[in-house]
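To keep things clear, I will list the structure first and then write my remarks on it.
Just so you know, all these numbers are worked out from the coordinates, no wet-lab data involved. Computed from a predicted model, the values in this text were never measured in an experiment. Cβ placement follows ideal geometry from the backbone for every residue including glycine, while neighbour counts extend to all protein chains displayed.
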Amino acid sequence: MNYIENNLDGWLVINKDEGMTSRQVVNIVKKTLNVKKVGHAGTLDPLATGVLVLAVGKATKAIKYVMDGMKKYNFTIKWGCSTDTIDAEGKIISKSDAKPNILKLKKIIKELVGKIEQVPPKFSAIKINGQRAYKLARNGQEFDLKSRIVFLKEIKIIEGESNKNKEFTNFEIECGKGFYVRSLVRDICKKLNVDGHVINLKRINSEPFSIKKSISIKDFLKLYEKNDWKNFFLPIYSVLNKIKYVGK
């Protein structure tokens with residue numbers, strides 16, 4: 001392919017649909033724009049939706065600064081069923097009728113705020129001796145992942161219709177780099193001695209980018225055909241002064 005030389009250096013905030021991988025989104029945008037470099041600033045699981053920040057052209061050099069920024073997620077814990085992937089995609093490994101006491105739940109999540117040790121999920125993109133952990137897990141291989149220090153700034157229960165059914169609880173969190181929502185849910189369930197897994201995981205903010213100024217892949221492709229997509233394309237330097245650093 002002959003790549004065109006153009007001035008497409010900047011940011012595109014995609015509202016990722018469920019079922020797509022982050023790499024698929026990158027490939028679609030790269031092919032559509034016909035540019036050499038497109039990267040993303042933080043993977044979203046295939047079942048997750050929401051903010052996927054894409055760096056185009058020279059903006060790829062600044063990806064690490066966006067990845068260091070704070071993130072916000074909405075998600076739901078479905079109680080009563082644990083899976084090996086800690087989400088709805090995995091195999092069921094245990095079930096129970098036990099549901100968490102709301103007072104105990106509030107106490108547990110309060111204790112998790114701050115810098116905490118967290119073990120990533122085995123079904124994750126972390127590399128073990130050059131291989132992705134999720135590939136090893138799918139092949140049934142035994143391995144251990146080391147815990148690491150991550151930062152949870154805030155976690156709160158979000159009231160909603162689904163919360164009236166004790167089978168579900170909705171949450172919103174703000175966290176730092178390298179934080180796994182699935183690991184958080186696993187640890188909450190373990191502390192409460194109940195079964196549960198993540199559903200409806202959505203990234204609503206990846207500092208300084210917000211879902212309010214994002215666009216779906218479907219709408220991006222439609223607007224691109226009309227040459228009307230650049231309202232969603234942010235100049236490379238327009239956001240760098242807004243990026244905050246964690247852990248200073």
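I need the calculated FRET efficiency for the pair PHE232 and GLU154, taking r as the beta carbon distance and R₀ as 30 Å, to the nearest 0.05. Walk me through the intermediate numbers first.
Values: r = 28 Å, r/R0 = 0.95.
So, using R0 = 30 Å, E works out to roughly 0.60.
Anything over 32 Å Cα to Cα? Flag those among LYS156/LYS222; LYS95/LYS213; LYS177/LYS226; LYS99/LYS177; LYS31/LYS91; LYS16/LYS104, in the order listed. Each step should come with its number before you reach the end.
Values: LYS156/LYS222 37 Å; LYS95/LYS213 40 Å; LYS177/LYS226 37 Å; LYS99/LYS177 30 Å; LYS31/LYS91 35 Å; LYS16/LYS104 34 Å.
Listed pairs above 32 Å: LYS156/LYS222; LYS95/LYS213; LYS177/LYS226; LYS31/LYS91; LYS16/LYS104.
Beta carbons within 10 angstrom, averaged per residue: use that to sort the peptides 134-141, 114-121, 178-185, highest first. Intermediate results must be reported in sequence, preceding the final value.
Values: 134-141: 13.0, 114-121: 16.0, 178-185: 21.5.
Those peptides, ordered most packed to least, come out 178-185, 114-121, 134-141.
When Cα extents along the principal axes in Å is calculated directly from the model, which label among (1) 59, 39, 38; (2) 59, 38, 32; (3) 75, 58, 30 fits?
Recomputing Cα extents along the principal axes in Å here picks out (1).
State the three equivalent ellipsoid semi-axes of segment 44-101, derived from the C-alpha gyration tensor as the square roots of 5 times its eigenvalues, in descending order and whole Å. Walk me through the numbers before you get to the answer.
Values: eigenvalues 242, 34, 15 Å².
Here the semi-axes work out to 35, 13, 9 Å.
Give me the number: length gained by fully extending ILE199 to ASP17, i.e. 0.36 nm times residue separation minus the C-alpha to C-alpha distance, one decimal in nm.
Details: separation 182, 0.36 × 182 = 65.52 nm, distance 1.40 nm.
Between ILE199 and ASP17, full extension yields 64.1 nm more.
Out of every Cα-Cα pair in segment 71-205, what percent are more than 18 Å apart?
55 percent
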